[in-house]
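Participant: The structure's right below; bear with me while I get my questions together.
Bear in mind that the values in this text are calculations on the coordinates, not laboratory data. In this text the structure is predicted, and so the values were computed from the model without any measurement. So basically every Cβ, Gly included, is an ideal-geometry build from the backbone, and we count neighbours across all protein chains shown.
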Amino acid sequence: MKPVLNTTLFFLLLVAVWAALTGDLLRWGIGPEEPLWSPYVLPPPSVVGQYLWDNTVNGKIPLSMLITLRRLLIGYAIGLVLGVPLGMLAARFRCVSDTLGVLALGLQALPSVCWVPLACIWFGQTEAALLFVVIMGTLWSVLLSTQNGMKSVPPIYARAARTMGSSPFHTLVCVTLPASAPFVVSGMKQGWAFAWRSLMAAEIYVAVVSGFGIGQYLHYGRELQRMYQVIGIMFIIILVGLLADKILFSPAERWLHHRWGTDKE
């Protein structure tokens, strides 16, 4: 409970400082008489909060979130389906590691936004372009984490399985892969973060008429010079990333590390 309280107090303090510096607390005599920044440059928390409240109540933000999360989940799932088996192959065969593994290492360092022009040329202004960018953001980190995780498994596990009559394929799927699960889940979390950032970059540049996503709200906030909209959407993007980590990935990581005795406690 104490970590939650510390985190809550920290963010409340940040909002309070923001409110004081932008003139939101002048009614209580807190902060400079004149805001340090113009509301056009840095709107106060009350304006951002009002924007988020109004667009949540009228359904615009929830609908855009559903559209964005649907794209994210589809692209992320495809990236996992491709990345895990390819990572297993790279861990098992040296030739795959020396070719596909090196390619993955290079492409992982490529910023996600670099895929957007290519996706637009190949697929046009379509959902496929968005999914392609998300898959590219997910695939390589999942592949590398699966490969590294399986290589970190003590060789004694595989030797013991083979001694008991396990075939190479059975050993790979039923022994080495489960033993590397904590590291694979860490890669899945990293892949989720890359996928989320990739989708935001794609939605900013790819105007898809089939659905108005959160990234497009960010883009049009900049185009219309609505800083309160830009900051509000940034808060939503951060919140989704934090919730995914705290609710899904971190508990799964802790359980798996405890299950396999690799936790540090």
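Participant: When LYS189, LYS60 are ordered from fewest to most other Cβ atoms inside 10 Å of their Cβ, what list results?
Facilitator: Ranking LYS189, LYS60 by Cβ neighbours within 10 Å, fewest first, gives LYS60, LYS189.
Participant: Could you compute the net charge surrounding THR138? Neighbours are other residues with a C-beta less than 13 Å from the C-beta of THR138; K and R count +1, D and E count -1. Intermediate values should be presented prior to the final figure.
Facilitator: Numbers: positive: ARG71, LYS189, ARG197; negative: none.
In short, +3.
Participant: Continuing with this model, one more query. Whole-Hz Karplus ³J(HN,Hα) for segment 131-136, in order, using 6.51 cos²θ - 1.76 cosθ + 1.60 and θ = phi - 60°, x for Gly and Pro?
Facilitator: Couplings: 5, 4, 5, 5, 4, 5 Hz.
Participant: So what are the ³J(HN,Hα) numbers for segment 165-181, from phi and the Karplus equation (6.51, -1.76, 1.60; θ = phi - 60°), rounded to whole Hz, Gly and Pro as x?
Facilitator: x, 6, 6, x, 5, 4, 5, 5, 7, 9, 10, 5, 5, x, 5, 8, 3
Participant: Most exposed first by the Cβ proxy, i.e. fewest other Cβ within 10 Å, how do ASP98, ASP245 rank?
Facilitator: Arranged by neighbour count, lowest to highest, ASP98, ASP245 become ASP98, ASP245.
Participant: Working from Cα positions, state the angle (0 to 90°, nearest 10) between the long axis of helix 45-57 and the longest principal axis of the chain.
Facilitator: Rounded to the nearest ten degrees, it is 70.
Participant: Among LEU144, LEU172, LEU243, determine the one that fluctuates most according to a GNM of the chain built with springs between C-alpha atoms less than 10 Å apart.
Facilitator: Evaluated over the chain, the most mobile residue of the options is LEU243.
Participant: Set Lys and Arg Cβ to +1 and Asp and Glu Cβ to -1, take the dipole of the chain about its Cα centre, and tell me which of GLY211, VAL48, LEU36 lies farthest positive.
Facilitator: GLY211
Participant: Additional query: Skipping prolines and chain starts, which residues have an amide H placed within reach, meaning under 5 Å, of the one on GLY213, given they are 5 or more residues away or on another chain?
Facilitator: none
Participant: Can you show me the helix-derived [θ] at 222 nm for the chain, built from DSSP H runs with n ≥ 4 at -39,500 (n - 2.57) apiece and divided by the number of residues, rounded to the nearest 500.
Facilitator: -22500 deg cm²/dmol
Participant: Rank the residues MET65, MET136 as a footprinting-exposure proxy: fewest other Cβ atoms within 10 Å of their Cβ go first.
Facilitator: MET65, MET136
Participant: If contacts are Cα pairs under 8 angstrom and at least 6 residues apart, what is the relative contact order of the chain in percent?
Facilitator: 21
Participant: Around THR176, what is the net charge, scoring Lys/Arg as +1 and Asp/Glu as -1 over all other residues with Cβ under 12 Å from its Cβ? If you can, show how the numbers build up before the last one.
Facilitator: Details: positive: ARG92, LYS151, ARG159, ARG162; negative: none.
My count for the surroundings of THR176 gives +4.
Participant: Continuing with the same structure: Report relative contact order for segment 125-265 in percent, whole number only (criteria: Cα-Cα under 8 Å, sequence separation at least 6).
Facilitator: 29
Participant: Oh, and also: Could you give me the ³J(HN,Hα) list for segment 144-151, computed from phi with Karplus coefficients 6.51, -1.76, 1.60 and θ = phi - 60°, whole Hz, x at Gly and Pro?
Facilitator: 5, 5, 5, 4, 5, x, 5, 6
Participant: Measure nothing fancy, just the Cα-based angle from helix 227-243's long axis to the longest principal axis of the chain, in degrees from 0 to 90, nearest 10.
Facilitator: Taking Cα atoms only, the helix is inclined about 30 degrees.
Participant: What net charge is computed for the residues neighbouring ASP54, neighbours being all others with C-beta under 14 Å from the C-beta of ASP54, Lys and Arg scored +1, Asp and Glu -1?
Facilitator: +2
Participant: Projecting each Cα onto the charge dipole of segment 41-259 (Lys/Arg +1, Asp/Glu -1 at the beta carbon, about the Cα centre), which of LEU239, VAL133, PRO251 comes out farthest on the positive side?
Facilitator: Positive-most Cα among the choices belongs to PRO251.
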